[in-house]
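Before any comments, here is the structure.
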Amino acid sequence: MIEVRGVTKTYGKKNNVFTALSDVNFSIPDGASVAIVGKSGSGKSTLMHAMSGLDRPQTGEVIIDGQDILKLKSKEVDRFRSRKMSFIFQSFFVEANETCYNNVGMVCEIAGVPANEHRRKIEKALEAVELLDKKKSRARDLSGGQKQRLAIARAIVNNPTTLFADEPTGNLDSSTGEIIENLLFRYNKEKGVTLIIVTHDDDLASRCDINIQIRDGRIVSINEKKPKKESALKKKKVAKK
């Protein structure tokens, strides 16, 4: 469970104060897929940064698994984030001159994964995004879609409980973007990972369980998908049994 309580974030001082987030409140159940939706400048990326501890709001609480991460010291937040969270960004951020294998391996090294586990974890992550056959290829030689799949492999290699994706298909064409979307939602459903997507794409948002609309730093609506009802035909079949 992620709980955001009374989060307010401002920039500047005195007459130049800009309020990026204003008294934001909501909760996200474990394993949900969530879209934070808004126009450019609405505060959606700032909200993601506050939720993940990448940025500290002036007031409020962000409680994850019963722990208010805003009360943790900087090194403690970093440690918490490395164990619980991963990130995917619009611009890929892969190491162009490194192989796919080494790109994913860097994450294992940073997280302190025992050396004898590296190969198994790296290959499992690359296989999950269908890049195992590219493990010796340099990232610079990949297509845009393959680079984003590599970024996903890096994000999932250490089995995070929460996966943040900031405009993950923003640099991709529609068909490649759909492949990336399918990978993310499949991982969300199969692994029970909480998936939080920052987007201005209504089609992408419609695939999520929860839509959080933000405007000028304020939450204007929170919509949850209702479970689909069984069809009358299915009910009849069940009754006959």
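The values are calculated or read from the model by the stated rules, or taken from the named source; none is laboratory data. Given the structure is predicted, the values throughout are model-derived calculations rather than measurements. Cβ: placed from backbone, ideal geometry, glycine included. Neighbour counts: every protein chain shown.
Of note:
- Only one entry in Lys229, Lys135 is basic (Lys, Arg) and either at pLDDT 90 or above or under 17 Å from Glu95 (Cα atoms) (or both), namely Lys135.
- Residue check, Ala205 under 30 Å from Gly41 (Cα atoms) and in contact (Cβ under 8 Å) with a residue 40 or more places away in the chain: yes
- Yes/no for Ile63 being buried (at least 19 other Cβ atoms within 10 Å of the Cβ) and within 30 Å of Ala20 (Cα to Cα): no
- Among (1) in contact with a helix residue (DSSP H, G or I) (Cβ under 6 Å, 6 or more places away or on another chain); (2) among the small types (Gly, Ala, Ser); (3) under 21 Å from Ser45 (Cα atoms), the one test that Ser91 misses: (1)
- Residues located in the range 73-90, provided they are farther than 12 Å from Asn158 by Cβ and either over 18 Å from the mean Cα position of the chain (by Cα) or in a helix (DSSP H, G or I) (or both): Lys73, Ser74, Lys75, Glu76, Val77, Asp78, Arg79, Phe80
- Close pairs (7 angstrom Cβ cut-off, 6 or more residues apart or separate chains): within 30 Å of Lys73 (Cβ to Cβ) and without any contact (Cβ under 8 Å) to a residue 40 or more places away in the chain in the range 34-58, of a type outside the set (Gly, Ala, Ser) and in a loop (DSSP other than H, G, I, E, B) anywhere: His49/Asp55
- Restricting attention to the range 141-169, the residues that are outside any helix (DSSP H, G or I) and touching a helix residue (DSSP H, G or I) at 6+ places or on another chain (Cβ under 7 Å) total 12.
- When Ser82, Ser22, Ser42 are screened for being small (Gly, Ala, Ser), touching a helix residue (DSSP H, G or I) at 6+ places or on another chain (Cβ under 9 Å) and surrounded by 12 or more Cβ atoms within 10 Å (Cβ to Cβ), only Ser82 passes.
- If you go through the range 85-104 and keep only what is surrounded by 20 or more Cβ atoms within 10 Å (Cβ to Cβ) and among the small types (Gly, Ala, Ser), you end up with just Ser86.
- Of all residue pairs spaced 6 or more apart or on separate chains, those with beta-carbon atoms under 6 Å, a first member in the range 156-174 that is closer than 13 Å to Arg83 by Cβ and a second member that is part of a loop (DSSP other than H, G, I, E, B) are Asn158/Ala111.
- Options Ser42, Ser22; residue that is closer than 24 Å to Arg218 by Cα, in contact with a Lys or Arg (Cβ under 7 Å, 6 or more places away or on another chain) and not in a strand (DSSP E or B): Ser42
- Counting only residues that are part of a helix (DSSP H, G or I) and among the aromatic types (Phe, Trp, Tyr), the range 91-104 holds 1 of them.
- Taking first residues from the range 61-84 that are over 18 Å from Val7 (Cβ atoms) and partners that are in a strand (DSSP E or B), the Cβ contacts under 7 Å between residues at least 6 apart in sequence or on separate chains come to Lys84/Ile64; Lys84/Thr162.
- Matching residues, the range 105-140, being out of contact with any strand residue (DSSP E or B) (no Cβ under 7 Å at 6 or more places or on another chain), in a loop (DSSP other than H, G, I, E, B) and exposed (fewer than 15 other Cβ atoms within 10 Å of the Cβ): Ala111, Gly112, Pro114, Glu130
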